[in-house]
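Written below as structure tokens is the structure these notes are about.
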Amino acid sequence: MNTRVLTGITTSGTPHLGNYVGAIRPAIQASQQHDVDAFFFLADYHALIKCEDPDRIARSRLEIAATWLASGLDPERVTFYRQSDVPEIPELSWMLTCVTAKGLMNRAHAYKASVDQNLAKGVEEDDGINMGLFSYPILMAADILMFNAHKVPVGRDQTQHLEMARDIAQRFNHLYGKGRDYFVLPEVVIAEDVATLPGLDGRKMSKSYNNTVPLFEGGFKALKSAVAKIVTDSLGPGEPKDADASHLYLIYKAFAQPAESNAFRDELIAGLGWGDAKQRLCDRIEQEMGPLRANYEALMAHPDRIEEILQEGARKARAIATPFIRELRDAVGLRTLSASLKSATGKSAKSSSKVARYVSFRDEDGQFRFRLMSADGIELFCSVPFADPKQAGAVMRDLQQQQAASVARTVGDTGFEIVLEGRKVADGVESESEAMRDQKMEQLTLAMRHESNA
Ligand code: TRP
């Protein structure tokens, strides 16, 4: 199974050069590795915690989506979606809320920092703190656990949140797992070799310091006027500069090849004036960013295209989230009433599905198919025909091993179908009523789980 890498971007600001170098560029590069399944999403529910300006939220989602796409994110490869388009995430967040100790949240750095600020100001300790901020780590855990991500690349300030996600996952597994771990314990990935850009004033480039160089917004003009504001010392042209201490050089290095950077460094040491140095820096950044900005502007002119890409991303995400949340609901006891009755009478869906099995056959046209039969010998679904038996076998194996994202989704009121990686591979047997169909789908989820464990 490929490594699942997942990360979220809070949509409360406009992307700057520091975001590009520190997060966007490395994440997109990592997503191009062949053994990685990447999940990148816009954490717009998280944005609501800090920002109560609806227009700003709306604008930021658009700008951030356009920025990632313009920078080379391939939505065919990466599952790229908005958190708020996947209702299973807040649903899971509630299930996790109910297994999370309040004391764990009391210890969260972000919450504690706000409390400390209040105490320093002499006001009540929870003054101005909403429950969103308090529960922030639980929603983040739901983001990660919903997709059973193995690796989560984030900034160092997020390390504690990952520890909490592991804690919460473990607690859920322990309470409800009965020998099965529903959740993978995610690992934090802190990029050590990624440049941290200095901002205009030399401190780390960050929205909260108001010292950023805009990435695309405002065009080349905005880039130029920001670079003009980067602080330098007061040495004149002809005087040797301390290149290694220069913010201009540090930023240059993040964009240029080593040989070019060395040449720039030598020139600074030889006395290149700061005005000329800023010009070179602008030109070098523009060489990389100019073409991407053209992509950005083309995308920003067609928000409907971006919307479509995100909707498709949500479909892919939900193909995983929907069947998984069904299992989780079952795990905590949110079952259809008829299923509850069954387990109360001892004939549980679980035990009856233990020996569910796949049966391959050749149909009347000589094509190859397979069926999944429940333990009671009832057909649950039948595959589409395959010309090649190997192909039929491969699809069956994928379903058995759950190597690939598979999902049962409803068709009309009484039918359902099985979709594997976006392709329909089987039709469910029609039921007499919607309720019976839903019950059958629940049985199917359990059958497939046990089959795969067999
Ligand atoms: N909290 C993260 C940040 O501020 C954003 C985020 C939300 C996130 N959910 C996530 C990151 C899940 C990784 C995984 O950077």
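The values are calculated or read from the model by the stated rules, or taken from the named source; none is laboratory data. Since we're looking at a predicted model, the values are computed, not measured. Positions of Cβ are generated from backbone atoms using ideal geometry, with glycine treated the same way; all protein chains shown enter the neighbour counts.
Just for helices (runs of 4 or more DSSP H) wholly inside segment 244-338: which have at least 1 residues that are over 28 Å from the mean Cα position of the chain (by Cα) and over 23 Å from ALA43 (Cα atoms)?
On the way: elements: 247-255, 258-269, 274-300, 303-332.
By residue number, 247-255, 258-269, 274-300.
Could you pull out the residue among GLU88, GLU76 that is under 27 Å from GLU421 (Cα atoms) and surrounded by 19 or more Cβ atoms within 10 Å (Cβ to Cβ)?
Numbers: GLU76 fails: surrounded by 19 or more Cβ atoms within 10 Å (Cβ to Cβ).
On inspection, the qualifying residue turns out to be GLU88.
Which residues, counting only those in segment 126-143, are surrounded by 12 or more Cβ atoms within 10 Å (Cβ to Cβ) and more than 20 Å from SER93 (Cβ to Cβ)? Full working, then the answer.
The initial filter retains those residues of segment 126-143 that are surrounded by 12 or more Cβ atoms within 10 Å (Cβ to Cβ), namely 126-127, 129-130, 132-143.
Answer for segment 126-143, where residues must be surrounded by 12 or more Cβ atoms within 10 Å (Cβ to Cβ) and more than 20 Å from SER93 (Cβ to Cβ): ASP126, ASP127.
Does PRO54 fit the bill of being more than 20 Å from LEU299 (Cβ to Cβ), more than 13 Å from the chain's Cα centre (by Cα), more than 16 Å from the ligand (Cβ to nearest atom) and not hydroxyl-bearing (Ser, Thr, Tyr)? It would help to see each step written out before you state the result.
Values: more than 20 Å from LEU299 (Cβ to Cβ): yes; more than 13 Å from the chain's Cα centre (by Cα): yes; more than 16 Å from the ligand (Cβ to nearest atom): yes; not hydroxyl-bearing (Ser, Thr, Tyr): yes.
In short, yes.
Identify the residue in segment 144-162 that is within 19 Å of ILE24 (Cα to Cα) and near the ligand (Cβ under 7 Å from one of its atoms) and, among all such residues, is surrounded by the fewest Cβ atoms within 10 Å (Cβ to Cβ). Talk me through it step by step, then tell me what you get.
Here is the first cut: in segment 144-162, the ones within 19 Å of ILE24 (Cα to Cα) are 144, 149, 151-159.
Going one step further and asking which of them are near the ligand (Cβ under 7 Å from one of its atoms), we end up with 144, 152, 154-155, 158.
Values: ILE144: 27, VAL152: 23, VAL154: 18, GLY155: 12, GLN158: 20.
That would be GLY155.
Collect the residues in segment 207-216 that are surrounded by fewer than 17 Cβ atoms within 10 Å (Cβ to Cβ) and assigned to a loop (DSSP other than H, G, I, E, B), keeping them in residue-number order. If you could, list the steps in order and put the result at the bottom.
Within segment 207-216, the subset surrounded by fewer than 17 Cβ atoms within 10 Å (Cβ to Cβ) is 207-210, 214.
Within segment 207-216, ASN210 is the sole residue that qualifies.
Do we find a residue being away from the ligand (no atom under 16 Å from the Cβ), at pLDDT 95 or above and in a loop (DSSP other than H, G, I, E, B) anywhere in segment 185-196? Can you show your working first?
Taking segment 185-196 first, the residues away from the ligand (no atom under 16 Å from the Cβ) are 192-193, 195.
Still in the running and at pLDDT 95 or above: none.
Looking for residues that are away from the ligand (no atom under 16 Å from the Cβ), at pLDDT 95 or above and in a loop (DSSP other than H, G, I, E, B), one finds none in segment 185-196, hence no.
Looking at (1) modelled with pLDDT of 95 or more; (2) farther than 27 Å from PHE183 by Cβ; (3) charged (D, E, K, R), which is the one condition that is false for ASP44?
It is condition (2) that ASP44 fails.
Spot the failing condition for PHE172; the list is (1) outside any loop (DSSP other than H, G, I, E, B); (2) within 16 Å of the ligand (Cβ to nearest atom); (3) closer than 30 Å to LEU446 by Cα; (4) of a type in the set (A, V, I, L, M, F, W, C), and only one is missed.
(2)
Among the residues of segment 152-167, are any in a loop (DSSP other than H, G, I, E, B) and within 21 Å of LEU42 (Cα to Cα)? Break it down stepwise before answering.
First pass over segment 152-167, keeping only residues in a loop (DSSP other than H, G, I, E, B): 154-155.
Filter once more, keeping what is within 21 Å of LEU42 (Cα to Cα): 154-155.
Checked against the condition, which is being in a loop (DSSP other than H, G, I, E, B) and within 21 Å of LEU42 (Cα to Cα), segment 152-167 yields at least one hit.
For segment 57-68, how many residues meet the condition of being buried (at least 23 other Cβ atoms within 10 Å of the Cβ) and away from the ligand (no atom under 16 Å from the Cβ)?
So the count comes out to 1.
Quick one: what pairs do we get from segment 171-187, first residue of a type in the set (A, V, I, L, M, F, W, C), second at pLDDT 95 or above and part of a loop (DSSP other than H, G, I, E, B), C-beta under 7 Å, 6+ apart or different chains?
PHE172/VAL99; PHE172/TYR182; PHE172/PHE183; LEU175/VAL99; PHE183/ASN148; VAL184/ASN148; VAL184/HIS150
Residues being within 15 Å of HIS161 (Cβ to Cβ) and of a type in the set (A, V, I, L, M): count how many of those fall in segment 94-129.
Number satisfying all stated conditions: 6.
Taking GLY202 and the conditions (1) assigned by TED's automatic domain parsing to the domain that holds TRP274; (2) surrounded by fewer than 18 Cβ atoms within 10 Å (Cβ to Cβ); (3) not in a helix (DSSP H, G or I), which numbered condition does it fall short on, given that it satisfies the others?
(1)
How about segment 17-38: which of its residues are without any contact (Cβ under 8 Å) to a residue 12 or more places away in the chain and either part of a helix (DSSP H, G or I) or crowded, with 17+ Cβ neighbours inside 10 Å (or both)? Please lay out each step first, then the result.
Going through segment 17-38, the residues without any contact (Cβ under 8 Å) to a residue 12 or more places away in the chain turn out to be 29, 33-34.
GLN29 - this is the single residue of segment 17-38 that is without any contact (Cβ under 8 Å) to a residue 12 or more places away in the chain and either part of a helix (DSSP H, G or I) or crowded, with 17+ Cβ neighbours inside 10 Å (or both).
Could you check, for segment 266-283, whether at least one of its residues is closer than 25 Å to ALA66 by Cα and without any contact (Cβ under 8 Å) to a residue 12 or more places away in the chain? Even if it seems obvious, please write down each step before you answer.
Restricting attention to segment 266-283, the residues satisfying the condition of being closer than 25 Å to ALA66 by Cα are 281-283.
Narrowing the set further to residues that are without any contact (Cβ under 8 Å) to a residue 12 or more places away in the chain leaves 283.
The answer is yes; a qualifying residue exists.
Do the conditions hold for THR7, that is, is it near the ligand (Cβ under 10 Å from one of its atoms), more than 20 Å from LYS151 (Cα to Cα), among the β-branched types (Val, Ile, Thr) and touching a residue at least 12 places away in the same chain (Cβ under 8 Å)?
Details: near the ligand (Cβ under 10 Å from one of its atoms): yes; more than 20 Å from LYS151 (Cα to Cα): no; among the β-branched types (Val, Ile, Thr): yes; touching a residue at least 12 places away in the same chain (Cβ under 8 Å): yes.
The answer is no for THR7.
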